[in-house]
Amino acid sequence: MDNILKERLVNRSDKKSFRFALICSVCGGVWESTPIPATEQNQSAYIAAKQAACEEAKTCFAICRLCGDPACARCRVSLGEMTVCSNCAKRMTQ
């Protein structure tokens, strides 16, 4: 899950803070991470901020077990032990 989320995070950082966004593959809703002050502008600070954003995103998103796309809390469906996006859930019931 970490790799999928990290790959999908959109960098919205500026000179003052590290920020990242993630877009729900179902509804297109945009989630933004809590800004982290950019006291240092180097690769290790960026990587640490991106990892923190990934951990934060895990509380808001699930990765669909069928299509592999991120789905926000409104757009994910739990089917027993499996979580899928609402698009895949609809296809399964048709």
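Assorted remarks:
- Just one residue in the set ALA89, ALA53, ALA62 is modelled with pLDDT of 95 or more and either among the aliphatic types (A, V, I, L, M) or under 18 Å from LYS6 (Cβ atoms) (or both); that residue is ALA53.
- Options ALA53, ALA73; residue that is small (Gly, Ala, Ser) and open to solvent by 60 Å² or more (accessible area, probe 1.4 Å): ALA73
- Residue ID - farthest from PHE20 (Cα to Cα), chosen from residues in the range 76-94 that are among the hydroxyl-bearing types (Ser, Thr, Tyr) and open to solvent by 80 Å² or more (accessible area, probe 1.4 Å): THR93
- Counting residues in the range 31-47 that are open to solvent by less than 20 Å² (accessible area, probe 1.4 Å), at pLDDT 95 or above and hydroxyl-bearing (Ser, Thr, Tyr) gives one or more.
The values are calculated or read from the model by the stated rules, or taken from the named source; none is laboratory data. Quantities reported herein were computed from a predicted structural model and do not represent experimental measurements. Methodologically, a virtual Cβ is constructed for each residue, glycine included, from the backbone with ideal geometry; neighbour enumeration extends over all protein chains shown. Accessible surface is based on the protein model in full, side chains and every heavy atom, while ligands, DNA and RNA are left aside. Shrake-Rupley method; radii C 1.70, N 1.55, O 1.52, S 1.80 Å.
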